[in-house]
1. Using the count of nearby Cβ atoms within 10 Å as a rough guide to exposure, how do K131, K92 rank from fewest to most?
2. Can you pull the one-decimal nm distance between simple spin-label points at D122 and E107, each 7 Å off the Cα toward Cβ?
Amino acid sequence: MCLLRYSAKHYTPLYLHSCRIAFLASAGINSEHLLAMTIVINDTLIKTNMDCIFDKIIAGEIPSKKVYEDNFVFAFYDIHPIAPVHVLIIPKKHIESINDLEEGDVEIVGNMFLAAKKIAFDLGIAEKGYKLLVRTGRDGGQEVPHIHMHLLGGARLREDIGPVK
Ligand code: AMP
């Protein structure tokens, strides 16, 4: 685990990325040290796991169709949509699943829901309604180990959750 401290009023994933590279080069840190990293910016703690596909999307290392971003949250269209509107809302802090949430994460979770509401209004599905889905672990069907809220809408959606036969 390594700790980076920055002081920056306005920061973007790209800015973070360039700071990270500059810092690492000067400190002689190699890619193995990057597996787990904690970044603190203006006292906001942002954990990143550089192996995580969603952290790479936040950093702009993997392209995505961004829908929304604030200090806590990043949202983008799912690459394999299962509804006419299918957006993923993820925390910028690397948290693997609901099981890993801590009391200090309350603000992040609250902002994920507020982002869902904002996106639903922006995309014109708020009035008719939508579904929020957060899978957790194997039985929940979670594939990507970084908390993500699926925002699903744009049509009446089925309710066919049940045990796998
Ligand atoms: P879950 O099964 O709940 O873990 O959902 C993971 C979701 O991430 C799936 O709906 C995938 O289609 C989506 N996904 C995986 N990789 C990407 C990507 N590069 N861009 C957008 N969505 C992705």
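Computed from the coordinates by the stated procedures, all read-outs in this text should not be read as laboratory data. Quick caveat: nothing in here was measured; it's all calculated off a predicted structure. Glycine also receives a Cβ, built like all others from the backbone with ideal geometry; neighbour counts cover every protein chain displayed.
1. Lowest count first: K131, K92.
2. The two pseudo-label positions are separated by 2.1 nm.
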